[in-house]
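Asker: Have a look at this one before I ask anything.
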Amino acid sequence: MKLYHCRDARSLRPLWTLEEMELAYEPVLLPFPPRVFAKPYLIENPLGTIPLLVDGDVRMTESSGICFYLTQKYGPTPLAVAPDEPDYASFLNWLFFSDATLTFPQTLVLRYRQFETPERRNEQVAGDYEKWFFGRLRALDAALEDGREWLCAGRFTIADICIAYALHLADVRANLGHGLSERVRAYLDRARARPGFVRARSIDAQAPQY
């Protein structure tokens with residue numbers, strides 16, 4: 001397997017999953033955005049987006065989907081929640097929530113505060129999506145009430161990987177860490193203390209800066 005990865009990008013989700021599952025793979029580290037700074041990558045992925053997982057004839061570009069694929073193809077693993085477990089629906093909901101609800105607004109904040117040229121930056125757009133992100137965090141804060149350590153099935157799963165990555169992005173790249181509640185911050189700290197994340201982060205740190 002090969003995983004194409006950029007520093008702090010959504011590819012950190014499958015990178016973390018691969019490390020948690022201790023699977024054999026080759027990380028391919030690229031500068032961000034690769035469609036600009038690593039043009040040969042467009043041969044591998046014409047979209048120019050990150051991640052890309054290559055596993056034999058399989059080619060996948062959606063980070064949460066790659067995490068799910070790895071658990072299903074190379075399991076069984078406690079990182080997955082099975083359809084016959086009571087928390088299966090919650091597990092799927094958090095997987096989709098991680099990108100559609102928590103990561104998406106951050107991409108607009110990053111674009112209009114950091115990535116656009118100064119004359120194209122737009123604080124109104126960035127501020128609106130910052131509020132969106134903070135508003136959606138209330139659902140996560142509520143889910144962690146009563147001392148819950150992880151989101152589903154009483155154990156750490158890829159739902160936690162996918163949600164924790166969105167929080168990590170807010171903390172280290174989007175400058176939104178100040179909006180994390182005490183409960184959400186403690187949850188993120190627990191996730192980042194896991195040996196699988198520590199190993200993934202050490203690989204992530206070798207990717208070019210942007």
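Asker: Taking only segment 144-182 into account, find how many residues are part of a helix (DSSP H, G or I), among the charged types (D, E, K, R) and within 15 Å of Glu20 (Cβ to Cβ). If you could, list the steps in order and put the result at the bottom.
Answerer: Looking only at segment 144-182, we keep the residues that are part of a helix (DSSP H, G or I), and these are 145-147, 158-172, 177-179, 182.
From the residues that got through so far, the ones that are among the charged types (D, E, K, R) too are 145-146, 160, 171, 182.
From the residues that got through so far, the ones that are within 15 Å of Glu20 (Cβ to Cβ) too are 160.
Final tally of qualifying residues: 1.
Asker: Would you mention how many residues in segment 41-54 are more than 20 Å from Glu26 (Cα to Cα) and not in a loop (DSSP other than H, G, I, E, B)?
Answerer: Residues of segment 41-54 that are more than 20 Å from Glu26 (Cα to Cα), as a first pass: 46-47.
Right, trim to not in a loop (DSSP other than H, G, I, E, B) and you get none.
Adding up the residues that qualify gives 0.
Asker: Could you tell me whether any residue of segment 4-11 is touching a residue at least 24 places away in the same chain (Cβ under 8 Å), assigned to a strand (DSSP E or B) and buried (at least 17 other Cβ atoms within 10 Å of the Cβ)? Let's see the steps before the verdict.
Answerer: Step one: list which residues in segment 4-11 are touching a residue at least 24 places away in the same chain (Cβ under 8 Å), which gives 4-11.
Adding the requirement that they be assigned to a strand (DSSP E or B) leaves 4-5.
From the residues that got through so far, the ones that are buried (at least 17 other Cβ atoms within 10 Å of the Cβ) too are 4-5.
Looking through segment 4-11, at least one residue is touching a residue at least 24 places away in the same chain (Cβ under 8 Å), assigned to a strand (DSSP E or B) and buried (at least 17 other Cβ atoms within 10 Å of the Cβ).
Asker: Quick check on my filter: what residues within segment 30-54 are surrounded by fewer than 19 Cβ atoms within 10 Å (Cβ to Cβ) and among the aliphatic types (A, V, I, L, M)? It would help to see each step written out before you state the result.
Answerer: Going through segment 30-54, the residues surrounded by fewer than 19 Cβ atoms within 10 Å (Cβ to Cβ) turn out to be 31, 33, 35-37, 39-40, 42-48, 54.
Matches in segment 30-54: Val36, Leu42, Ile43, Leu47, Val54.
Asker: Would you call Arg111 basic (Lys, Arg) and not in a helix (DSSP H, G or I)? I'd like the intermediate steps shown before the answer.
Answerer: Values: basic (Lys, Arg): yes; not in a helix (DSSP H, G or I): no.
Spelling it out, it is not the case that Arg111 is basic (Lys, Arg) and not in a helix (DSSP H, G or I).
Asker: So, one more: For segment 109-135, enumerate the residues that are open to solvent by 70 Å² or more (accessible area, probe 1.4 Å) and hydrophobic (A, V, I, L, M, F, W, C).
Answerer: Hits for segment 109-135 are Phe115, Trp132.
Asker: Let me ask something else about it. Checking the condition of a type outside the set (Ser, Thr, Tyr) and buried (at least 16 other Cβ atoms within 10 Å of the Cβ), which residue from Ala100, Ala143 passes?
Answerer: Unique residue meeting the criteria: Ala143.
Asker: Looking at segment 127-138, is at least one residue of a type in the set (D, E, K, R) and in contact with a Phe, Trp or Tyr (Cβ under 9 Å, 6 or more places away or on another chain)? Working first, answer last.
Answerer: Going through segment 127-138, the residues of a type in the set (D, E, K, R) turn out to be 128, 130-131, 136, 138.
Subsequent filtering for residues that are in contact with a Phe, Trp or Tyr (Cβ under 9 Å, 6 or more places away or on another chain) retains 136.
Scanning segment 127-138, I find at least one residue that is of a type in the set (D, E, K, R) and in contact with a Phe, Trp or Tyr (Cβ under 9 Å, 6 or more places away or on another chain), so the answer is yes.
Asker: Further, regarding this structure: For segment 188-210, enumerate the residues that are surrounded by fewer than 13 Cβ atoms within 10 Å (Cβ to Cβ), small (Gly, Ala, Ser) and assigned to a helix (DSSP H, G or I).
Answerer: Once the filter is applied, which keeps residues that are surrounded by fewer than 13 Cβ atoms within 10 Å (Cβ to Cβ), small (Gly, Ala, Ser) and assigned to a helix (DSSP H, G or I), segment 188-210 yields only Ser202.
Asker: Oh, and also: Within segment 55-79, take every residue that is part of a loop (DSSP other than H, G, I, E, B) and closer than 20 Å to Tyr4 by Cβ and give me the one that is least open to solvent (accessible area, probe 1.4 Å). Working first, answer last.
Answerer: Initially, segment 55-79 is screened for residues part of a loop (DSSP other than H, G, I, E, B), giving 56-57, 61-62, 75-79.
Among the residues that remain, those that are also closer than 20 Å to Tyr4 by Cβ are: 56-57, 61-62.
Values: Gly56: 65, Asp57: 159, Thr61: 44, Glu62: 115 Å².
It comes out as Thr61.
Asker: Of the residues Ala89, Ala82, which single one is among the small types (Gly, Ala, Ser) and open to solvent by 50 Å² or more (accessible area, probe 1.4 Å)? Talk me through it step by step, then tell me what you get.
Answerer: On the way: Ala82 fails: open to solvent by 50 Å² or more (accessible area, probe 1.4 Å).
It is Ala89.
The values are calculated or read from the model by the stated rules, or taken from the named source; none is laboratory data. Keep in mind that what you see is a predicted model, and the values were worked out from it rather than measured. Note that each Cβ is placed from the backbone with ideal geometry, even for glycine, and that neighbours are counted across all protein chains shown. For accessibility, only protein heavy atoms count, side chains too; no ligands or nucleic acids. Shrake-Rupley method; radii C 1.70, N 1.55, O 1.52, S 1.80 Å.
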